[in-house]
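The structure appears below as structure tokens.
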Amino acid sequence: MAERINNYDNTNRLFDRAADAVELPEDQRLLLKTPFREVQVEVPVRMSDGNIEVFLGYRVQHNTARGPMKGGLRYHPHVDIDEARALASLMTWKTALVDVPFGGAKGGITCDPKELTEKELEHLTRRFTTRIGLAWGLHTDVPAPDVNTNAQIMAWIMDEYSQRYGYTPGIVTGKPLALGGSPGREAATGRGVSIITREATRDFGIELKGARIAIQGFGNVGSWTARILSEMGANIVAVSDASGGIYASDGLPIDDLFHYSYKRRTIERFGQGEAISNEDLLTLDCDILIPAALGGSITKDNAKDIKAKMVVEAANSPVTTIADAILEERGVIIVPDILANAGGVTVSYFEWVQNIQAFSWDETQVNDKLEGIMSRAYANVITTMKEMAVPMRTAAFAISIQRVAEAEKLRGGF
Ligand code: NAD
């Protein structure tokens, strides 16, 4: 039977495992699992050929007990309400884990941006904003970039929202610097992944200097992770994107590859390294595997063939629940997504704070504060993992669940 991938049930199974470990009462489980609000909108766009095409857009607002809801917008053919629910829930646990005053949300549009012209993409984004923006707000829900969305798309959202509700740069994060974006935001998720990888290699006996690392996905998260880990002395032996992968046993020239792909949005035809398929990259003989593309790439079918000693989840939900159990059984260390990729939402929080204060920080200040938050969150997870004698993922969820449960209880109202 095919394994169901990257859906709300999978996320809830991870939640339940940690809820069992902290003996969370049944009524609180229900409260914490049920999304606060779900919005679906029709997004009609007149295409450049004159026809009207109707897209569907979503926003799932999962939990608001600890603050305004926060989470990315994804433009992809696989976006649907179930995926948005799963990812919104992860955002609740992620923001709680790094202890920034946000809840969780996620959304997006079912579309293939590669098939759209720049103008169509802009119309789609603006129409989506007008239809769904009534559910957003500086103190309600603040979107950010995710797969196939970027600073330009955030700029259109900020502009469209501000035309309707007045100048509100803080309505989205991940904006261009010229519109109130934060220094360091673009690199933040990859920087956070690198900080957590550095801490985990130290604790689990892997020498980061010279460690052989394979990274699946070379978009915002994957490319910055590769660049920063390479600066830390790691050897990035393979990377891939939707076009395929490249491998070099002595390490790829990451700086050149970063600049190449930054302009072209692909690593295709880079011209160095051997070609490798995405499937082979995942099972490559390496020390650390970093999935940084879409969810559900490590499944029950390939988990037994993973050779890495450590998997650092830069993407959201890259390991299915069955694969998670297989890897755990095999002794592979899994650094969970809600910890590993929380650097993005952390610097999004800094951006939101700067926008509210109409005051900007410099990049060193941003990176130093990010370092502090990420290493503190990591240390908390390791302490909890040892105290509870559970895997790192369960420890991370346990910390978050207890924080959100406490906030819900103190706020009351039911
Ligand atoms: P992106 O759109 O910038 O990059 C996605 C990358 O994945 C691209 O290189 C794409 O070609 C590649 N890809 C797509 N399908 C693939 C496949 N089948 N095999 C290999 N590569 C494939 O997106 P991103 O912002 O880098 O997000 C990547 C992941 O990180 C997502 O799971 C996202 O939810 C998560 N994430 C992103 C952020 C952020 O700040 N952008 C924060 C936290 C988590």
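Some observations on this one:
- Residue that is nearest to the ligand (Cβ to nearest atom) [pool: residues in the stretch 333-369 that are crowded, with 24+ Cβ neighbours inside 10 Å and outside any helix (DSSP H, G or I)]: N341
- Among the residues of the stretch 251-284, those that are over 14 Å from N220 (Cα atoms), within 12 Å of the ligand (Cβ to nearest atom) and in contact with a strand residue (DSSP E or B) (Cβ under 8 Å, 6 or more places away or on another chain) comprise E268, I276, S277, N278, D280, L281, L282.
- Scanning the stretch 139-167 for residues that are β-branched (V, I, T), over 16 Å from L179 (Cα atoms) and either buried (at least 18 other Cβ atoms within 10 Å of the Cβ) or within 16 Å of the ligand (Cβ to nearest atom) (or both) yields V147, T149.
- In the stretch 122-130 there is no residue matching the filter, namely being among the acidic types (D, E), within 12 Å of the ligand (Cβ to nearest atom) and out of contact with any Ser or Thr (no Cβ under 9 Å at 6 or more places or on another chain).
- Matching residues in the stretch 285-314 - criterion: being near the ligand (Cβ under 10 Å from one of its atoms), in contact with a helix residue (DSSP H, G or I) (Cβ under 9 Å, 6 or more places away or on another chain) and of a type outside the set (G, A, S): P291, E313
- Contact map, the stretch 288-303: first residue without any contact (Cβ under 8 Å) to a residue 24 or more places away in the chain, second residue of a type in the set (A, V, I, L, M) and within 12 Å of the ligand (Cβ to nearest atom), Cβ cut-off under 6 Å, separation 6 or more or different chains; pairs are N302/L282.
- Residue within the stretch 55-64 that is farther than 21 Å from I109 by Cα, surrounded by 16 or more Cβ atoms within 10 Å (Cβ to Cβ) and modelled with pLDDT under 95 present: no
- Selection status of K94, in a helix (DSSP H, G or I), touching a helix residue (DSSP H, G or I) at 6+ places or on another chain (Cβ under 6 Å), modelled with pLDDT of 95 or more and crowded, with 24+ Cβ neighbours inside 10 Å: yes
- Screening I322 on (1) more than 28 Å from P143 (Cβ to Cβ); (2) buried (at least 24 other Cβ atoms within 10 Å of the Cβ); (3) modelled with pLDDT under 95 shows it passes everything except condition (2).
- Every residue from the stretch 63-103 that is away from the ligand (no atom under 12 Å from the Cβ), under 15 Å from the mean Cα position of the chain (by Cα) and closer than 20 Å to V319 by Cβ: R85, S89, T92, W93, L97
- The residues on offer are R13, R46, R66, and the sole one that is basic (K, R), in contact (Cβ under 8 Å) with a residue 40 or more places away in the chain and touching a Lys or Arg at 6+ places or on another chain (Cβ under 9 Å) is R66.
- G296 vs. criteria of a type outside the set (S, T, Y) and modelled with pLDDT under 95: yes
- Screening the candidates M374, M392, M385 for the property of being more than 13 Å from the ligand (Cβ to nearest atom), in contact with a helix residue (DSSP H, G or I) (Cβ under 6 Å, 6 or more places away or on another chain) and touching a residue at least 12 places away in the same chain (Cβ under 8 Å) yields one hit, M392.
- Positions within the stretch 108-119 being buried (at least 23 other Cβ atoms within 10 Å of the Cβ) and either more than 12 Å from the ligand (Cβ to nearest atom) or farther than 18 Å from N148 by Cβ (or both), in sequence order: I109, C111
- Cross-chain or 6+ apart pairs with Cβ under 9 Å, the stretch 259-270 first and on the phi > 0 side of the Ramachandran plot, then within 9 Å of the ligand (Cβ to nearest atom): R265/G219; R265/D241; R269/S243
The values are calculated or read from the model by the stated rules, or taken from the named source; none is laboratory data. Just so it is clear, the model here is predicted, and its values are computed rather than measured. Ideal geometry is used to build each Cβ from the backbone, glycine not excepted, and the neighbour counts take in all protein chains shown.
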